[in-house]
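In what follows, a structure is listed as structure tokens, so that the remarks can point back to it.
The values are calculated or read from the model by the stated rules, or taken from the named source; none is laboratory data. From a predicted model like this one, the values you see are computed outputs, not experimental measurements. Cβ sites come from the backbone with ideal geometry, for glycine too, and all protein chains shown count toward neighbours. Remember, those area values only see protein heavy atoms, side chains included, never the ligands or the DNA or RNA. Shrake-Rupley method; radii C 1.70, N 1.55, O 1.52, S 1.80 Å.
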Amino acid sequence: QVQLMESGGGLVQPGGSLRLSCAVSGTIFSMYSMAWYRQAPGKQRELVASISTGSTTNYADSVKGRFTISRDNAKNTLYLQMNSLKPEDTADYYCNAANRLKTYWGQGTQVTVSS
């Protein structure tokens, strides 16, 4: 059974940092493109950042220069380093694993940016 487990969310002040992690089990992590999505209250889920099996990265314009996505295939783990956080980054953050045949989602971790 494939499982994606996010962690690292929480409450942080504007300008602060958080590091999200997504531990993947039950499948061959290195064979999946990975991504972080987020969904703010009352809004649609949006792509934040993605990383291919070859570690090519892509970012939403709203987070470029502030967020960094990375993966550790030896640890079956995806990361999202979030710096210079803004109140508009407040959302539930979801880990996504995808290949040509299947897509998997985690349960999400909440990030709140507030003073």
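Structural remarks
- Column: log10 I(q)/I(0), Debye, Cα scatterers of the chain, q = 0.09 Å⁻¹: -0.21
- Burial ranking of peptide ranges 4-10, 75-81 (average Cβ count within 10 Å, highest at the top): 75-81, 4-10
- Entry comment: accessible area of segment 1-113 is 55 Å² per residue, from protein heavy atoms only and a probe of 1.4 Å.
- Under 19 Å of direct C-alpha separation, and excluding same-chain neighbours fewer than eight residues apart, LYS64 reaches these lysines: LYS86.
- Heavy-atom accessible surface of the chain: percent carbon and sulfur, 1.4 Å: 45 percent
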